[in-house]
Amino acid sequence: MSDSTTREDRFARGLEVLRKVDGEAGQRVIDSLADISPELGHQIVSWGFGEIYARPELAPRDRQLVTLGMLTALGGCEPQLEVHVNAALNVGLTPEQIVEALLHAAGYCGFPKALNATFVAKKVFAERGGGAGGAAPPPRGPRGG
């Protein structure tokens with residue numbers, strides 16, 4: 001964005017991106033800030049979505065994979081994970097891909113954080129009427145079979 005872009009222009013651009021990616025869930029987050037920190041809501045929309053998320057160097061699905069990994073690694077971000085699991089589905093990731101990303105995160109940030117994130121994803125999938133599908137493979141014996 002250029003330096004001559006107004007505050008209102010940045011907000012409008014960010015709101016357009018937010019609606020495409022997060023849909024109603026993102027708008028609910030912004031609305032929930034209106035009575036306590038409307039400026040935080042403004043910055044999330046203007047900067048987070050209007051300046052950062054709108055950049056063309058990563059596709060929306062790639063940005064959501066990064067976001068899911070970061071929120072999982074941080075831990076304690078379950079409300080934000082819920083919004084971003086929904087967003088990941090909105091931009092074309094499948095439930096299976098989301099679950100795989102969260103499984104992958106376990107090796108880097110630990111099982112407790114990956115479990116918490118996976119349970120958030122499970123909740124979102126159920127609310128949206130779907131699931132990740134694949135059941136865990138049966139346990140293998142000591143000889144691999």
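At a glance:
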| item | result |
| --- | --- |
| Only listed residue being among the polar types (S, T, N, Q) and either farther than 24 Å from Leu89 by Cα or touching a strand residue (DSSP E or B) at 6+ places or on another chain (Cβ under 7 Å) (or both), chosen from Ser46, Ser37 | Ser37 |
| Subset of the range 106-120 that is open to solvent by less than 30 Å² (accessible area, probe 1.4 Å) and assigned to a helix (DSSP H, G or I) - its residue that is nearest to Arg63 (Cα to Cα) | Ala117 |
| Residue selected from the range 72-105 under the condition within 23 Å of Val17 (Cβ to Cβ), over 11 Å from the mean Cα position of the chain (by Cα) and among the aliphatic types (A, V, I, L, M), by the criterion surrounded by the fewest Cβ atoms within 10 Å (Cβ to Cβ) | Leu74 |
| Qualifying positions in the range 48-65 - acidic (Asp, Glu) and touching a residue at least 24 places away in the same chain (Cβ under 8 Å) | Glu51 |
| Cross-chain or 6+ apart pairs with Cβ under 9 Å, the range 18-47 first and free of Cβ contacts under 8 Å to residues at least 12 places away in the same chain, then among the hydrophobic types (A, V, I, L, M, F, W, C) and open to solvent by 50 Å² or more (accessible area, probe 1.4 Å) | Leu33/Leu40; Leu33/Ile44 |
| Residue that is open to solvent by 70 Å² or more (accessible area, probe 1.4 Å) and of a type in the set (A, V, I, L, M), where the choices are Ile30, Ile36, Ile44 | Ile36 |
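The values are calculated or read from the model by the stated rules, or taken from the named source; none is laboratory data. Predicted model, so just to flag it, every value in this text is computed and none were measured. All Cβ positions, even for glycine, are placed from backbone atoms using ideal geometry, and neighbour counts span all protein chains on display. Only protein heavy atoms, including side chains, enter the accessible area calculation; ligands, DNA and RNA are left aside. Shrake-Rupley method; radii C 1.70, N 1.55, O 1.52, S 1.80 Å.
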